Amino acid sequence: MSKVFLELKAKISSLEAMQIMGRVQSIVGMSLTVSGLQRAVGIGQRCIVKGANGPVMAEVIGADSDGLRLLPFGTWNGVAVGDPVELIQHEEGICPDDSWIGTVVDGLGRPLGHAPRFKKGRTRSSGRNGPPPAFARRRVGQKLQTQIKCIDVFTPLCQGQRMGVFAGSGVGKSTLMAMLARNTNADVIVIGLVGERGREVQEFIQEDLGPEGMARSVVVVATGDEAPLLRRQAAYTATTVAEHFRTQGRQVLLLLDSVTRFAMAQREIGLSSGEPPTTKGYPPTVFSELPHLLERAGPGRDGEGDITAIYTVLVDGDDMNEPIADAIRGIVDGHLVLDRNIAEKNRYPAINIQRSISRMLPACHTDEEYKIMHEARKALAKFADMEDLIRVGAYKPGSDPEIDAAAQFFRSADAFLAQRKAEKMTSDQAFAEIFRMLLEAGIDVPIDLGATA
C-alpha cells in the first residue's frame with residue numbers, strides 16, 4: 001500500500017495547477033473589461049493580463065453585465081482585445097518582517113535598491129485590514145517628546161494619537177516629517193511616501209531622514225508617475241507594516257505623506273469604475289476609504305503597542321476648508337496648520353499656532369505647563385488682532401499695556417520658535433524659555449514657582 005500511495009502522491013504533485021482564464025473584451029482609458037471570469041472573481045482580487053509586452057498585474061475594481069472591470073498596477077501598453085486574463089489564485093500579499101527596518105519597499109512590499117537582510121515574514125495581509133474594534137482599544141498614552149519646540153508646547157503629541165499636517169505646496173511638510181522621524185522617541189518609524197516626486201525620494205532618505213533616522217525606519221514609496229492602484233496600495237502597505245510592529249508591543253510612529261494624494265488615487269480608481277463624481281470630482285468611495293485608512297492607526301489592544309500617526313494633507317490653493325482637508329480634520333485627533341505667510345518670513349516650522357490644535361489638551365500637560373501655554377497663546381492671539389495696526393503705525397506704543405506686552409512677547413517667541421532641521425530641545429527646556437519670555441514681557445503667569453521647583 002505504501003508503494004501505491006507514494007506513486008499516487010508523485011502523480012498528484014506533478015499535476016498542473018488549475019488555471020481560471022478570461023479574455024480582454026474592451027479597453028477604455030485606464031479601465032479594461034474582461035469576459036469569462038464573472039463567476040470566479042470578486043472585487044479586490046488580482047489577475048494577470050498577458051499582453052504583447054509581457055504580463056501586467058491588475059485588480060478587479062468593478063463588475064456589471066458586460067464583465068469585470070480591471071485597473072493595472074502599471075500600464076496597458078501592448079495589451080489588445082482578445083488577450084488572455086488569468087486569475088491569481090494564491091496571492092502573496094504583504095508580509096512584513098523585522099528585517100524590513102532600514103529598507104525601502106514599494107507599494108506591494110517589494111524591496112527597492114540594495115537590501116541584503118530583507119526577507120518576507122510569516123504573517124500575510126492584503127493590506128486592507130479593518131480597524132480594531134472601538135471597545136478593544138486602549139486609551140491614548142502619555143505625551144511624546146518630539147523635541148520640536150512649537151509642537152511640544154502648543155500642540156502636544158501623545159502615544160496613539162493621529163495628527164494631521166495641513167499645508168499648501170512648498171511650505172515645509174516634508175522637512176517637518178523628517179524632524180519628527182529623527183527626534184521622536186518611537187521604537188520603529190514607518191514612512192509612506194505616496195505620490196511623491198521621483199527626484200525627491202533619494203533626497204528625503206539621504207538628507208532629510210539621514211542615516212540616524214533610516215536605521216529605525218521602513219520607507220514605503222510610490223511616486224507620482226506610478227499607477228493609481230500602486231499609490232493607493234502604498235498607503236495601505238505602510239499602515240499594514242505599522243500594524244505588524246504594533247502587534248509586537250512596540251511604539252510605532254507612522255508618517256504618511258500625503259493623504260491627499262491617496263485620495264486623488266482613489267478618485268481615479270472610483271471614476272474608472274463608473275462611480276459618479278460628487279464634491280470637486282471626488283466619488284463617494286473616497287470619503288468612505290479615508291476613515292477606513294485613518295482609523296487603523298491609534299492605540300492597540302491590551303498587550304500591544306501604539307501607532308502614533310502623522311498624516312500630511314496637501315490643501316488646494318491653501319484652502320483649509322476644501323473637501324479632503326475638511327473630511328480628514330473631522331477624523332484625526334488634532335491638526336497642525338503650516339502657514340505660507342509664516343514660511344515667507346523664513347520662520348520654520350511654519351506652524352500657525354492660532355489655527356493648530358491638539359485634542360489631547362489639556363490632559364496631556366501638567367497644570368503649570370497648561371497655564372504657561374494658555375498665557376502664551378492668549379498673548380500671541382492679542383498681538384495677531386493688532387498686528388496690522390502696529391505695522392502701519394496706527395497704534396501708538398504705551399496706549400495699552402497688554403498690547404505692548406503681547407508685542408514684546410511675540411518678538412521674542414517668534415525668533416525662539418524657529419528651529420533648524422538638526423536642532424533639538426526638550427519639552428522642559430522649551431516651557432522654561434516660554435515662561436521666561438512671558439515674565440520679561442510683563443505677563444503674569446499664575447503658577448506656584450515653589451511647587452514647580
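Being within 30 Å of LEU37 (Cα to Cα), part of a strand (DSSP E or B) and among the acidic types (Asp, Glu) is a description that does not apply to GLU92. The sole residue among GLY82, GLY78 that is free of Cβ contacts under 8 Å to residues at least 40 places away in the same chain and either out of contact with any helix residue (DSSP H, G or I) (no Cβ under 6 Å at 6 or more places or on another chain) or not in a loop (DSSP other than H, G, I, E, B) (or both) is GLY78. Report whether or not PHE166 is within 30 Å of GLU344 (Cα to Cα) and touching a His at 6+ places or on another chain (Cβ under 7 Å). In short, yes. Cβ-Cβ contacts under 7 Å between residues 6 or more apart (or on different chains), taken from a first residue in the stretch 312-324 that is open to solvent by less than 60 Å² (accessible area, probe 1.4 Å) to a second residue that is aromatic (Phe, Trp, Tyr) and not in a strand (DSSP E or B), are listed as PRO323/TYR282. On inspection, ASP187 does not qualify as acidic (Asp, Glu), open to solvent by less than 20 Å² (accessible area, probe 1.4 Å) and either outside the structural domain of ALA415 (by the TED database) or over 23 Å from MET57 (Cβ atoms) (or both).
Considering the stretch 109-142 alone, what residues qualify as being assigned to a loop (DSSP other than H, G, I, E, B), of a type in the set (A, V, I, L, M) and either over 20 Å from the mean Cα position of the chain (by Cα) or closer than 13 Å to VAL241 by Cβ (or both)? Passing the criteria: only ALA115.
On the stretch given as the stretch 426-443, residues that are assigned to a loop (DSSP other than H, G, I, E, B), of a type outside the set (Val, Ile, Thr) and surrounded by fewer than 18 Cβ atoms within 10 Å (Cβ to Cβ) total 1. Residue pairs whose Cβ atoms lie under 7 Å apart, separated by 6 or more positions or on different chains, with the first residue in the stretch 100-129 and more than 24 Å from ALA215 (Cβ to Cβ) and in the same structural domain as THR247 (by the TED database) and the second crowded, with 18+ Cβ neighbours inside 10 Å and of a type in the set (Asp, Glu), are ASN129/GLU243.
Evaluation of ARG301 against the conditions (1) within 26 Å of GLN248 (Cα to Cα); (2) surrounded by 14 or more Cβ atoms within 10 Å (Cβ to Cβ); (3) touching a residue at least 60 places away in the same chain (Cβ under 8 Å); (4) not aliphatic (A, V, I, L, M) shows that the sole unmet condition is (2). If you check VAL201, VAL219 for being closer than 23 Å to GLY74 by Cα, more than 11 Å from the chain's Cα centre (by Cα) and either open to solvent by less than 10 Å² (accessible area, probe 1.4 Å) or polar (S, T, N, Q) (or both), only one passes: VAL219. In the stretch 415-425, the condition of being open to solvent by less than 50 Å² (accessible area, probe 1.4 Å) and either part of a helix (DSSP H, G or I) or in contact with a Ser or Thr (Cβ under 6 Å, 6 or more places away or on another chain) (or both) is met by at least one residue.
Of the listed requirements (1) in a helix (DSSP H, G or I); (2) open to solvent by 70 Å² or more (accessible area, probe 1.4 Å), PHE409 misses just one: (2). Taking the stretch 362-376, which residues are closer than 17 Å to CYS158 by Cα and buried (at least 17 other Cβ atoms within 10 Å of the Cβ)? The answer is CYS364, HIS365, GLU369, MET373.
The values are calculated or read from the model by the stated rules, or taken from the named source; none is laboratory data. No experiment lies behind these values; they were computed from the predicted model shown. Virtual Cβ from ideal backbone geometry, glycine too; neighbours counted across all protein chains shown. Note: accessible area is taken over every heavy atom of the protein model, side chains too, but ligands, DNA and RNA are not part of it. Shrake-Rupley method; radii C 1.70, N 1.55, O 1.52, S 1.80 Å.
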